[in-house]
Every structure is written in C-alpha cells, then in structure tokens.
1. Please verify whether region 49-57 includes one or more residues that are modelled with pLDDT of 95 or more and among the acidic types (Asp, Glu).
2. Report yes if Arg93 is assigned to a helix (DSSP H, G or I) and either more than 9 Å from the chain's Cα centre (by Cα) or without any contact (Cβ under 8 Å) to a residue 12 or more places away in the chain (or both), otherwise no.
3. Inspect all residues belonging to region 62-80 and state whether any of them is at pLDDT 85 or above, polar (S, T, N, Q) and closer than 25 Å to Arg120 by Cβ.
4. Take Arg88 and tell me if it is part of a helix (DSSP H, G or I) and over 14 Å from Ile130 (Cβ atoms).
5. Going through region 50-71 one residue at a time, which ones are crowded, with 20+ Cβ neighbours inside 10 Å, touching a helix residue (DSSP H, G or I) at 6+ places or on another chain (Cβ under 9 Å) and in contact (Cβ under 8 Å) with a residue 24 or more places away in the chain?
6. Filter region 101-132 down to the residues that are in contact (Cβ under 8 Å) with a residue 40 or more places away in the chain and aliphatic (A, V, I, L, M) and list them by number.
7. Answer yes if at least one residue in region 35-43 is assigned to a helix (DSSP H, G or I), more than 20 Å from Val12 (Cα to Cα), free of Cβ contacts under 8 Å to residues at least 24 places away in the same chain and out of contact with any strand residue (DSSP E or B) (no Cβ under 6 Å at 6 or more places or on another chain), and no otherwise.
8. Quick one: in region 1-38, of everything that is loosely packed, with under 11 Cβ neighbours inside 10 Å and charged (D, E, K, R), which residue is modelled with the highest pLDDT?
Amino acid sequence: MLVKYNLNHQAVTYYWKPISRYQQFQLVGEFYYQSAFKKLVENHGNRGVYFECLATLIPENTNAFDSQAIRIDIKGMTVGYFNRNDARKFRIRLNTNKLAGQITSCNAVIEGGRLLNDGRRSNYSVSLAINQL
C-alpha cells in the first residue's frame, strides 16, 4: 500500500478518487475556523475565492464532544468536522473499504470571502470531492 503524508507528517493511507462535482457537506465548526480559511486563501481582493486544494479526513477518536468525529484539515489547519450523522456514515465507508481509523484525503474547494455591501466578508466554506454519504 502506498502511504503518503500530509503537512503534519500524518500518514495518509488512501486518496478518494475525485468525482465530477464537489459535494457540500454540512460541516460543523466552519464558523470557528474562519481565521484558518483566511490563511489558506491569503489575499484575494474584494472578490470571492474558489480555491482548489487537498483535504485530509482524520478520524478523531479522542474528541471530547464525539468519539466518532471526523476532522477536516487543509494544509495542516483544521477547517471543520463532519456533522455527527455524516461522521458515522463516513466511518462505515472507511470500514467497508478496510480503512477503519485511517487518515484519508480528497480534493476540496474553499469558497467565500466575498466583500459584502456593509464592508464585512462572507464566510468561507469547504466542499469535498467525495460521493455523498
């Protein structure tokens, strides 16, 4: 088995093959990780951003709020988590593919950050190129 590493030197054992379109999952916590999104996309002016990247999907068994959590990192920065229902479905998918507990990756897109009329920026969000759970 080919093993790759993400930026935190965590072994990534499987790359989910891209699908034709990105899926918008109901991630939780994206609001709390807006500073990470800003660092990832850097300065993009007043327009919104469409930033293609690679996401790392990390089973987080020691998460204090949910022992079945799946954390989503991009370039070593956490940008959110699957909601409880999707985390459980994703763990079933990992088990089905003999990848239980393994760190995997997939293509992703960060969107948002458009300058709004009131001077604020729209929030960033991430979409993943994996089949719907």
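1. No, because not a single residue in region 49-57 is modelled with pLDDT of 95 or more and among the acidic types (Asp, Glu).
2. So Arg93 fits the description; yes.
3. yes
4. Criteria met by Arg88.
5. Leu57, Pro59
6. Answer for region 101-132, where residues must be in contact (Cβ under 8 Å) with a residue 40 or more places away in the chain and aliphatic (A, V, I, L, M): Ile103, Ala108, Val109, Ile110, Leu115, Val126, Leu128, Ala129, Ile130.
7. yes
8. Lys17
The values are calculated or read from the model by the stated rules, or taken from the named source; none is laboratory data. As the structure is a computational prediction, the values presented were derived from the model and not from experiment. A quick note on method: Cβ atoms are made from the backbone with ideal geometry, for glycine too, and the neighbour counts reach across all protein chains shown.
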